[in-house]
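**Q** To start, I am sharing the structure in question, which I have written as structure tokens.
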Amino acid sequence: MYLRDLLNKVKKGGMSADEAEKQIRFYGCQNVGDVAKLDANRMARVGIPEVILAEGKRIEDLVDIALAQLKSEGRAIITRVSDEQLEALRKASRVEWHPHARIAILRKKKKSSTGGVVGIIAAGTADIPVAEEAKIIAEEMGCRVISAYDVGVAGIHRLFPELSRMVDAGVDALVVAAGREGALPAVVAGLVDVPVIGLPISTGYGAGGNGEAALLSMLQSCSVLSVVNIDAGFVAGAFAAKIANKARETKK
């Protein structure tokens with residue numbers, strides 16, 4: 001339950017001020033055994049939900065954390081999920097699975113809509129998994145997402161109709177994912193008047209491989225753009241959605 005829900009309950013007489021205070025204290029930090037502390041007020045506080053990173057977690061700990069978050073907030077978003085972790089989650093709860101992004105979602109309530117619109121562009125097919133992570137996160141933050149994949153600079157003519165479609169749809173922010181030399185975000189940022197977030201991908205080989213050349217290229221862009229870390233799809237999607245949601249609030 002988010003802070004606004006609690007305040008609305010108090011306003012309507014469905015909860016006393018004392019009970020609301022107890023709930024706020026409880027939801028501020030919830031222990032899950034000795035392994036985790038849920039930050040259930042994060043969405044209300046900063047506009048970005050707490051998301052569970054599955055990598056590096058024991059299966060039993062991951063399941064306990066996910067179920068606790070589902071009970072507390074009505075939703076648990078889990079990124080970078082392995083096959084073994086997915087199997088365990090499915091035994092514990094109903095799972096909404098996004099295979100490209102490797103994101104599992106446990107959900108009790110429907111997604112809300114903020115009216116924000118985010119565009120997700122990927123230079124190559126190999127960049128899609130991380131781009132999809134950004135897409136799912138933006139959608140879970142209430143945005144409508146328009147995506148276009150395999151439109152990189154090797155065939156730049158593929159980009160223009162897709163970019164026109166996004167501009168016509170009124171996107172508030174764009175995430176542009178690219179590996180190899182990472183040139184596409186700079187190209188896009190030189191063509192549009194909305195914020196562009198460069199997302200370097202760990203594709204490529206030899207000198208500058210594993211996303212390093214892409215990251216450095218984006219950081220040296222002549223066009224104005226923001227850049228997240230290599231393969232940081234969650235960060236890119238959350239940042240774009242936060243921009244889009246704030247833009248829509250301003251327009252109301």
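**Q** Identify the residue in the range 44-55 that is surrounded by fewer than 16 Cβ atoms within 10 Å (Cβ to Cβ) and at pLDDT 95 or above and, among all such residues, is farthest from Gly116 (Cα to Cα). Working first, answer last.
**A** Filtering the range 44-55 for residues surrounded by fewer than 16 Cβ atoms within 10 Å (Cβ to Cβ) gives 45-46, 53, 55.
Among the residues that remain, those that are also at pLDDT 95 or above are: 53, 55.
Values: Leu53: 25, Glu55: 30 Å.
Checked the range 44-55; the qualifying residue farthest from Gly116 (Cα to Cα) is Glu55.
**Q** Would you mind finding the one in Ala207, Ala214 that is out of contact with any Cys (no Cβ under 7 Å at 6 or more places or on another chain), surrounded by 22 or more Cβ atoms within 10 Å (Cβ to Cβ) and not assigned by TED's automatic domain parsing to the domain that holds Ile103?
**A** Details: Ala207 fails: surrounded by 22 or more Cβ atoms within 10 Å (Cβ to Cβ).
From the options Ala207, Ala214, the qualifying one is Ala214.
**Q** Next question, about the same structure. Is it the case that Ile136 is touching a residue at least 24 places away in the same chain (Cβ under 8 Å), in the same structural domain as Ala247 (by TED's automatic domain parsing) and either more than 27 Å from Cys222 (Cβ to Cβ) or of a type in the set (Lys, Arg) (or both)?
**A** Working: touching a residue at least 24 places away in the same chain (Cβ under 8 Å): yes; in the same structural domain as Ala247 (by TED's automatic domain parsing): yes; either more than 27 Å from Cys222 (Cβ to Cβ) or of a type in the set (Lys, Arg) (or both): yes.
Answer is yes for this residue.
**Q** Assess whether Ile197 counts as being buried (at least 23 other Cβ atoms within 10 Å of the Cβ), outside the structural domain of Val46 (by TED's automatic domain parsing), in contact with a Ser or Thr (Cβ under 9 Å, 6 or more places away or on another chain) and within 24 Å of Ile78 (Cβ to Cβ).
**A** Details: buried (at least 23 other Cβ atoms within 10 Å of the Cβ): yes; outside the structural domain of Val46 (by TED's automatic domain parsing): yes; in contact with a Ser or Thr (Cβ under 9 Å, 6 or more places away or on another chain): yes; within 24 Å of Ile78 (Cβ to Cβ): yes.
Judged against the criteria, Ile197 is a match.
**Q** Continuing with this model, one more query. Could you list all residues from the range 140-160 that are surrounded by fewer than 18 Cβ atoms within 10 Å (Cβ to Cβ), touching a residue at least 24 places away in the same chain (Cβ under 8 Å), touching a strand residue (DSSP E or B) at 6+ places or on another chain (Cβ under 9 Å) and assigned to a helix (DSSP H, G or I)?
**A** Answer for the range 140-160, where residues must be surrounded by fewer than 18 Cβ atoms within 10 Å (Cβ to Cβ), touching a residue at least 24 places away in the same chain (Cβ under 8 Å), touching a strand residue (DSSP E or B) at 6+ places or on another chain (Cβ under 9 Å) and assigned to a helix (DSSP H, G or I): just Val153.
**Q** Is there a residue in the range 19-41 that is modelled with pLDDT of 80 or more, over 25 Å from Ser82 (Cβ atoms) and surrounded by 16 or more Cβ atoms within 10 Å (Cβ to Cβ)?
**A** Checked against the condition, which is being modelled with pLDDT of 80 or more, over 25 Å from Ser82 (Cβ atoms) and surrounded by 16 or more Cβ atoms within 10 Å (Cβ to Cβ), the range 19-41 yields no hits at all.
**Q** Only one of Ala126, Ala178 is under 12 Å from Ala236 (Cβ atoms) and touching a residue at least 12 places away in the same chain (Cβ under 8 Å). Can you tell me which? Show your work before the answer.
**A** Working: Ala126 fails: under 12 Å from Ala236 (Cβ atoms).
Result: Ala178 is the single residue among Ala126, Ala178 that is under 12 Å from Ala236 (Cβ atoms) and touching a residue at least 12 places away in the same chain (Cβ under 8 Å).
**Q** Residue under question is Ile137, and the condition is that it be hydrophobic (A, V, I, L, M, F, W, C), under 26 Å from Ser164 (Cα atoms), crowded, with 22+ Cβ neighbours inside 10 Å and out of contact with any strand residue (DSSP E or B) (no Cβ under 7 Å at 6 or more places or on another chain); does it hold?
**A** Working: hydrophobic (A, V, I, L, M, F, W, C): yes; under 26 Å from Ser164 (Cα atoms): yes; crowded, with 22+ Cβ neighbours inside 10 Å: yes; out of contact with any strand residue (DSSP E or B) (no Cβ under 7 Å at 6 or more places or on another chain): yes.
Yes; evaluated as a whole, the condition is true for this residue.
**Q** Within the range 71-92, is there a residue that is part of a strand (DSSP E or B), β-branched (Val, Ile, Thr) and at pLDDT below 95?
**A** no
**Q** Please list, ordered by first then second residue, the pairs with beta carbon atoms under 9 Å, 6 or more apart or interchain, first in the range 101-120 and more than 22 Å from Ala148 (Cα to Cα) and in contact (Cβ under 8 Å) with a residue 12 or more places away in the chain, second among the acidic types (Asp, Glu) and part of a loop (DSSP other than H, G, I, E, B).
**A** Filtered contacts from the range 101-120: no entries.
**Q** Let me ask you something else. With the structure loaded, tell me whether Met1 is at pLDDT below 75 and outside any helix (DSSP H, G or I) or whether it fails that test. Let's see the steps before the verdict.
**A** Working: at pLDDT below 75: yes; outside any helix (DSSP H, G or I): yes.
Here the answer is yes, as Met1 does meet what is asked.
**Q** Here are some residues: Ala244, Ala177, Ala240, Ala236. Which one is in a strand (DSSP E or B) and buried (at least 22 other Cβ atoms within 10 Å of the Cβ)? I'd like the intermediate steps shown before the answer.
**A** Values: Ala244 fails: in a strand (DSSP E or B); Ala240 fails: in a strand (DSSP E or B); Ala236 fails: in a strand (DSSP E or B).
Just a single option satisfies the conditions, and that option is Ala177.
**Q** Identify the single condition in (1) within 27 Å of Arg180 (Cβ to Cβ); (2) in contact with a Lys or Arg (Cβ under 9 Å, 6 or more places away or on another chain) that Ala134 does not satisfy, given that it satisfies every other one.
**A** Tallying (1) within 27 Å of Arg180 (Cβ to Cβ); (2) in contact with a Lys or Arg (Cβ under 9 Å, 6 or more places away or on another chain), Ala134 fails exactly one: (2).
**Q** Name the residue, out of Ala66, Ala101, that is outside any helix (DSSP H, G or I) and either modelled with pLDDT of 95 or more or in the same structural domain as Lys242 (by TED's automatic domain parsing) (or both).
**A** Details: Ala66 fails: outside any helix (DSSP H, G or I).
After ruling out the rest, the residue left standing is Ala101.
The values are calculated or read from the model by the stated rules, or taken from the named source; none is laboratory data. None of the values given here were measured: they were computed from a predicted structure. Counting neighbours? That spans all protein chains shown, and the Cβs are built from the backbone with ideal geometry, glycine included.
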